[in-house]
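Following: one structure in structure tokens, then a few remarks.
Each value in this text was obtained by applying a stated rule to the coordinates, not by laboratory testing. On a predicted model such as this, the values are computed, not experimentally measured, just so you know. Ideal geometry is used to build each Cβ from the backbone, glycine not excepted, and the neighbour counts take in all protein chains shown.
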Amino acid sequence: MRGLNDTEIDRFASGVLCLRTGDRWRQAVSTALLGDWIAPLSEGNRLTADAIGALRAQARTIHRHLTPLWRRRTRHGRVLSLDADLGNGLSLLDLVAADVDALERAAGGVYEDQRLNAVLRGLHPDERQVVFAYAEAEGATWTEAADAAGSSDPEAVGERVRRKVKRLAVEQERRRTQSRGRWLPGG
């Protein structure tokens, strides 16, 4: 079987797989095309809708892996590399370096962010220690953070604290949204 040129790959990506085109997409589609799904074509058969869907999913996954972290989108924006150029010889690292310890615990565990304080107030002191261990990267998981905080049953405690923190954060967001609605005209 002969190789496909860029135009053919782009046409296949947009026409058959309904994907975008461009260098990264072209590389993802051509890599996905190397898979073993091609067997029905070599026998003269057609690809099923399921096979095309699987090929599309594989191309999307490969494209996501080819996309640099600082180009990926998050729920609230984009991730930037710390060495992103800001002009005048400054990088993002230069701006962040001064505030690296901005979230360092103050006396009594009080932070400037009132949402964080509200969540921490809802926790038992032992649970707070697990949260601090997790935040300080003493554990990559909640179980490891609970172990670093000295829990006797790290798996159960880590899971319980994770669920509780999530519930408290959702409740805090609900209250914040609700209080914003009260001040709207006609609200």
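General remarks:
- Residue-span extension gain [Asp6 to Thr21] - 0.36 nm each, minus C-alpha spacing: 4.4 nm
- Shown is the FRET efficiency for Gln178 and Ala118, computed with R0 = 22 Å from the Cβ-Cβ distance and rounded to the nearest 0.05: 0.95.
- Net charge over other residues, Cβ less than 14 angstrom from the Cβ of Arg56 (K, R count +1; D, E count -1): +2
- The label-point distance for Lys166 and Glu136, in a model that sets each label 7 Å from Cα toward Cβ, rounds to 2.5 nm.
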